[in-house]
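Here is the structure we will look at.
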Amino acid sequence: MPTTAGTRSAAAPDERRGSASKSPSRAGSPGPSVSSVGGSVDGSGDGDGHAAGGASGEGAGVDGAGAPTVVVDPYKFDDPCSQHYLVDRPAQQVPPPPNESDARGWVTALGGVPSGEQLLALTVQGSGKATVVLKALHVRVLDKGAPLAWNDYAMGVGCGGGVETKSFTVDLDAGRPAVALKGGQRDFPYKVSESDPEVFYVFADAQAHDVSWYLELDWSSGTRSGTVRVDDHGKPFRTSGNVGRPAYDYPLGGSEWGKAAPAG
């Protein structure tokens, strides 16, 4: 399968793989990721808080398109109540859970970290009319430690729903985390262009560790090829296990956080 985590692309810049800080602020970085062609590019955020990740390209030929653009939403909910966050505050100091559209501000203000599972939505689009082949998606772990000893807050109670299209999973607790297929989804490669984007969902699971990580997307178009780093505005994603942590939920119609059964 082309989605193993053990093979690093020669096109990916080594200087982008330094150790990440253990500061909780990693979860509150400004936004989804956008990438462009050239050697390791960091762009500025747009008015919607979208940030730029890195991209690298190979090949001197003029045949083919440049690197695809990847826009990432790291605050996606599988359903309105699926997401949990670890927060280093007592329940009395935590405001009510946000809607998905307000999750970034809520998490940033509290210094929270996605717990148990984090869902990323990746929108990948070609940079021109030429077809770009998306060859593989890899996981890169920068740091892995003991799960955070914070309180676990659920975003809701008694909800349903769920994402059903082009979904993949990542077991961040594994010795060599890799992107795996979810629910019969077909594997890479995929094809995109400027007028024909793809949306991928990545379910990253952590139970026993606090993990800093990012993704790399291998691409080619004609004689050009490269790797796009997929992260949160130049910072790694961060996901922590929540097993056994004090757990709270906010019942529908309630006015305060209440004790819930810990994750197990």
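Read-outs: derived from the displayed coordinates by stated rules, not from any lab. Since we're looking at a predicted model, the values are computed, not measured. Positions of Cβ are backbone-derived with ideal geometry, glycine not excepted, and every protein chain shown enters the neighbour counts.
For residue 108 and residue 144, FRET efficiency with R0 = 22 Å and r from the beta-carbon atoms, rounded to 0.05?
On the way: r = 23 Å, r/R0 = 1.06.
Efficiency, rounded to the nearest 0.05: 0.40.
Using the Karplus curve 6.51 cos²θ - 1.76 cosθ + 1.60 with θ = phi - 60°, work out ³J(HN,Hα) for each residue of the stretch 148-156 in order, rounded to whole Hz, and write x for Gly and Pro.
Using θ = phi - 60°, the values come out as 5, 8, 10, 7, 9, 10, 8, 7, x Hz.
Compute log10 of I(q)/I(0) for the stretch 176-221 with the Debye formula, placing one identical point scatterer on every Cα and leaving out solvent, at q = 0.27 Å⁻¹, to two decimals.
-1.31
How large is ³J(HN,Hα), in whole Hz, for each residue of the stretch 249-256 in order, when computed from phi with the Karplus curve 6.51 cos²θ - 1.76 cosθ + 1.60 and θ = phi - 60°, using x for Gly and Pro?
Using θ = phi - 60°, the values come out as 9, 10, x, 4, x, x, 10, 7 Hz.
About the Cα centre of the stretch 91-145, what is the dipole size in debye to 20, counting +1 per Lys and Arg Cβ and -1 per Asp and Glu Cβ, all else neutral? Before the final figure, lay out the partial values.
On the way: 5 positive and 4 negative charges, 74 e Å.
Computed charge dipole of the stretch 91-145: roughly 360 debye.
Bin all alpha-carbon pair distances of the stretch 192-264 at 5 Å intervals from 0 and give each bin's fraction as a whole percent.
Bins of 5 Å from zero give 3, 11, 13, 16, 13, 13, 11, 7, 6, 4, 2, 1 percent of pairs.
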